[in-house]
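One structure is given here, and the rest of the page talks about it.
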Amino acid sequence: MFLQSKMKKFPLLNAVVGRIESTKFRAARIALGSGIGCSLQDEITSPLIGREEQFQKLLSHLHSSLDEKRNISMYVSGPPGTGKTASLGRIMEDSKVKSCFKCIFLNCTSMRVASSIYSHVAKMLQPKAVAKGEKEWQLKMEELVTDSKKKILLILDEMDQLLMGGSRLATQDVLYTVFGWPHVPGSQMSLIGVANALDLTSRALPRLHASHPPILVHFPPYTRDEIHKILLHRLSMAGVGGVFSAPALQMLASKVASVSGDVRRALDVGRRVVQLVGDRDSNEKKSLAPEDFGVLQPSSDHCSNSPRKGNSVVELQEVLSVLNGVYSTSQSLISMNSKTANRGSDLPMQQKFLLCSLILLGKKGPKGKPITIGRLHEVYSRACKGRNITPVDQSEFFSLCTLVETRGIIRIISNKEARLSKISLQWDEEEVAAALMDQHLLASILADVSCLSRS
């Protein structure tokens with residue numbers, strides 16, 4: 001109260017506090033980024049909120065394997081942004097793991113074909129290793145896993161990406177070989193495979209479960225409370241725990257948890273909100289009259305409203321505004337009939353046709369079957385032609401899908417052949433469908449099952 005009363009009387013003091021708050025917003029953006037504005041040691045020792053059980057399970061299996069002098073293979077699954085990679089990073093920092101294992105972390109998205117795993121891993125184990133061709137590299141790897149004087153822990157992140165390109169049978173053979181390394185006589189290697197799909201090993205590598213089934217560890221989507229704790233912990237570690245009002249932070253956590261449980265999305269939205277509020281407050285400070293920053297003297301009562309008008313915390317309405325832009329609601333998605341709406345934020349008609357076709361496929365198409373861009377283009381084309389709209393061709397359609405993906409509405413899992421790329425809705429389907437139903441033309445597409453015909 002004392003500081004607030006002084007701010008009303010002394011504009012210069014208000015300006016100083018404004019600069020402090022600007023620093024606070026900047027610190028909050030850093031806290032919600034890839035780091036939390038603290039030392040590496042703090043990052044390593046800070047709690048893995050919501051992932052304690054999975055972390056302990058992974059660590060326990062690795063410690064047991066060392067104590068019992070045996071190798072293990074594990075498969076870690078879970079949707080994007082559920083703490084898989086972060087937990088494994090912490091595993092590699094465990095003192096016993098660091099001292100007993102040579103840890104190799106390999107992200108499979110960097111490999112064009114699965115067989116390049118052999119050369120990648122071999123060169124990490126023995127930088128001067130040389131071989132000619134895939135077969136030689138494979139044999140070289142078998143030598144290295146048995147000749148190693150130290151235990152090896154190989155972590156393959158995003159291994160499901162290997163199944164997206166090249167020959168599926170060839171990729172399966174490579175993965176069978178890799179998962180077989182821990183069981184080669186004399187092997188010193190343990191393996192952890194990481195992917196999004198819960199059933200990848202049973203679906204794509206069924207023989208594994210008959211011979212050497214991997215230990216399964218699943219990471220479920222984060223809950224509302226877990227996301228809230230993670231956000232609050234990061235902000236508190238940076239000394240800006242009060243930058244969000246309590247209702248604003250709860251709303252952010254609730255919305256992301258209800259849609260995906262992806263904590264990376266929650267952090268991204270949080271950064272956007274802080275950036276928005278910080279920029280607005282900065283502009284309001286610049287708009288103050290020059291004399292407000294002059295000699296420190298009391299100001300008259302009628303000028304008591306002249307100090308900085310920006311809020312010192314992020315409020316609920318500001319979070320809702322950004323959430324509407326990311327996930328959309330009926331007000332922000334469909335506003336063509338509103339004279340007061342910002343027409344620049346509307347989705348183009350072709351993108352709305354695309355979305356309706358995707359929802360139609362999801363609701364009325366074969367259950368459990370992935371939707372490809374090629375199949376979506378067929379449905380979209382019929383929907384357009386049935387309403388005298390000229391559809392774009394397949395090559396342009398892929399670009400159209402990419403534009404929609406940049407809005408966060410859909411997710412595309414790329415394939416070597418664009419038409420075989422998989423596409424899925426990221427927003428809440430019922431919310432998007434309800435919003436699109438506001439227009440008769442688009443509502444008719446959602447009800448038109450004839451678009452699903454393959455004839």
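The values are calculated or read from the model by the stated rules, or taken from the named source; none is laboratory data. Quick caveat, the model's predicted, so the values are computed rather than measured. Counting neighbours? That spans all protein chains shown, and the Cβs are built from the backbone with ideal geometry, glycine included. Protein only, heavy atoms only, side chains kept; ligands, DNA and RNA dropped before computing areas. Shrake-Rupley method; radii C 1.70, N 1.55, O 1.52, S 1.80 Å.
Would you point out which residue out of L106, L144, L154 is out of contact with any Lys or Arg (no Cβ under 9 Å at 6 or more places or on another chain), under 15 Å from S187 (Cα atoms) and in a strand (DSSP E or B)?
Working: L106 fails: under 15 Å from S187 (Cα atoms); L144 fails: in a strand (DSSP E or B).
None of the others qualify; the one that does is L154.
Please give the number of the condition S335 fails out of (1) of a type outside the set (D, E, K, R); (2) at pLDDT below 85; (3) not in a loop (DSSP other than H, G, I, E, B).
Exception for S335: condition (3).
With the condition kept exactly as written, say whether any residue in region 221-233 is part of a loop (DSSP other than H, G, I, E, B), open to solvent by 50 Å² or more (accessible area, probe 1.4 Å) and at pLDDT 85 or above.
Yes, some residue in region 221-233 is part of a loop (DSSP other than H, G, I, E, B), open to solvent by 50 Å² or more (accessible area, probe 1.4 Å) and at pLDDT 85 or above.
Yes or no: region 244-260 includes at least one residue that is outside any loop (DSSP other than H, G, I, E, B) and under 25 Å from Q161 (Cβ atoms). Before you say what the answer is, go through the steps one by one.
Kept after step one, since they are outside any loop (DSSP other than H, G, I, E, B), are these residues of region 244-260: 244, 246-259.
This time we only want the ones that are under 25 Å from Q161 (Cβ atoms), so: 256, 259.
Looking for residues that are outside any loop (DSSP other than H, G, I, E, B) and under 25 Å from Q161 (Cβ atoms), one finds at least one in region 244-260, hence yes.
Confirm whether K24 is modelled with pLDDT under 55, open to solvent by 20 Å² or more (accessible area, probe 1.4 Å) and either assigned to a helix (DSSP H, G or I) or within 27 Å of P220 (Cβ to Cβ) (or both).
no
Restricting to region 109-133, give me the number of residues that are assigned to a loop (DSSP other than H, G, I, E, B), free of Cβ contacts under 8 Å to residues at least 12 places away in the same chain and within 25 Å of N196 (Cα to Cα). Reasoning before the result, please.
Narrowing region 109-133 to residues assigned to a loop (DSSP other than H, G, I, E, B): 111-115, 126-132.
Checking the rest, the ones that are also free of Cβ contacts under 8 Å to residues at least 12 places away in the same chain come to 127-128, 130, 132.
Adding the requirement that they be within 25 Å of N196 (Cα to Cα) leaves none.
Number satisfying all stated conditions: 0.
Which ones in region 28-67 are under 16 Å from K96 (Cβ atoms) and modelled with pLDDT under 95?
Let us first name the residues in region 28-67 that are under 16 Å from K96 (Cβ atoms), namely 44-45, 55-67.
Within region 28-67, I44, T45 qualify.
Working only within region 73-90, note down all residues that are β-branched (V, I, T) and crowded, with 20+ Cβ neighbours inside 10 Å.
Across region 73-90, the qualifying residues are V76, T82.
Any chance you could count how many residues in region 191-220 are assigned to a loop (DSSP other than H, G, I, E, B) and either open to solvent by 60 Å² or more (accessible area, probe 1.4 Å) or among the polar types (S, T, N, Q) (or both)? Break it down into steps so the answer makes sense when it comes.
Step one: filter region 191-220 for residues assigned to a loop (DSSP other than H, G, I, E, B), giving 196-199, 205-207, 212-214, 219-220.
Narrowing the set further to residues that are either open to solvent by 60 Å² or more (accessible area, probe 1.4 Å) or among the polar types (S, T, N, Q) (or both) leaves 196, 198-199, 206-207, 212-213.
Looking only at that region, the number is 7.
Could you please let me know if V259 is of a type in the set (V, I, T) and open to solvent by 20 Å² or more (accessible area, probe 1.4 Å)?
It is true that V259 is of a type in the set (V, I, T) and open to solvent by 20 Å² or more (accessible area, probe 1.4 Å).
Is it the case that some residue within region 291-311 is β-branched (V, I, T) and modelled with pLDDT of 80 or more?
No, region 291-311 contains no residue that is β-branched (V, I, T) and modelled with pLDDT of 80 or more.
Between residues in region 395-418 that are touching a residue at least 40 places away in the same chain (Cβ under 8 Å) and open to solvent by 20 Å² or more (accessible area, probe 1.4 Å) and residues that are basic (K, R) and outside any loop (DSSP other than H, G, I, E, B), which pairs lie under 7 Å by C-beta distance while being six or more apart or on different chains?
Within 7 Å, the pairs are I413/K422.
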